[in-house]
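No lab work stands behind these numbers, since they all come straight from the coordinates. Remember, it's a predicted structure, so these values are computed and weren't measured experimentally. Cβ placement follows ideal geometry from the backbone for every residue including glycine, while neighbour counts extend to all protein chains displayed.
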Amino acid sequence: NAGVTQTPKFQVLKTGQSMTLQCAQDMNHEYMSWYRQDPGMGLRLIHYSVGAGITDQGEVPNGYNVSRSTTEDFPLRLLSAAPSQTSVYFCASSRGGLLDEQYFGPGTRLTVT
Amino acid sequence: GNSVTQMEGPVTLSEEAFLTINCTYTATGYPSLFWYVQYPGEGLQLLLKATKADDKGSNKGFEATYRKETTSFHLEKGSVQVSDSAVYFCALSSRGNTPLVFGKGTRLSVIA
């Protein structure tokens, strides 16, 4: 059981570039989420999904897209990177719902120059 | 809306000292409350949780009691170790599958 995996671990982008952060879980969890972590801000929810084919916006969705075509995968797409998106991104999943224990991936550190 | 307020860090303690990290919340209804811990270079892990008033969550020597009358969920440990050095996050989720709302985190450093 690998749990929640994220790739890449580190990424540097130039302003305006696009990229996809990958997230996969092998626990057959229905619920998956993306958070960003910034100093002094805690974690803020970007998007979440309650099952394959269903996604919804969180607190800070602008500039990000998600899709959920399978239970296992929940990629996060940056459409046109901006310096304000420099952050550490965490993917999380849970079995029974958002009230259940969230299992977090190791994170992706993204720098936009 | 829902919100969580944690005490500002960083907190620096000597080994075997008593730890309290304060957490208060604002929420409608009866939220579930959580403490998550983030060790250096890792993602967050659930430390403990409580789902109703007066419940006490406990794990690895840490405890927190859900106090509805004071809207608080303070984290305590009687004797900290160097290995407890981490960032601690208080979080809540209201009923109905609303996403977790996190506090800003409190960094704890324990020195030998």
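Legend: calculated FRET efficiency, B:Tyr30 to B:Ser83, from the Cβ-Cβ distance at R0 = 25 Å, rounded to 0.05, equals 0.15. Taking a spot 7 Å from the Cα of B:Ser109 along the direction of its beta carbon, which residues of region B:1-43 have an amide N less than 11 Å from it? Residues B:10-13 fall inside that zone.
What distance in nm separates the simple spin-label points at B:Glu42 and A:Arg109, each placed 7 Å from Cα in the Cβ direction? Distance between label points: 1.8 nm.
With a ≥ b ≥ c the root eigenvalues of the C-alpha gyration tensor of region A:10-51, is it rounded (a/c under 1.5), prolate (a/b larger than b/c) or oblate? Cα axes put region A:10-51 in the oblate bin. Size of the protein assembly as shown from its Cα atoms: along the principal axes, largest to smallest, the extents are 48, 38, 35 Å. The distance between label points at B:Lys60 and A:Arg95 comes to 2.0 nm (points 7 Å beyond Cα on the Cα→Cβ vector).
Straight-distance candidates among the lysines for linking to B:Lys60, with alpha-carbon spacing under 26 Å and chain neighbours fewer than 8 residues away dropped: B:Lys49, B:Lys52, B:Lys68, B:Lys77, B:Lys104. With R₀ set to 22 Å, the beta-carbon distance separating A:Ile54 from B:Ser3 gives a calculated FRET efficiency near 0.25.
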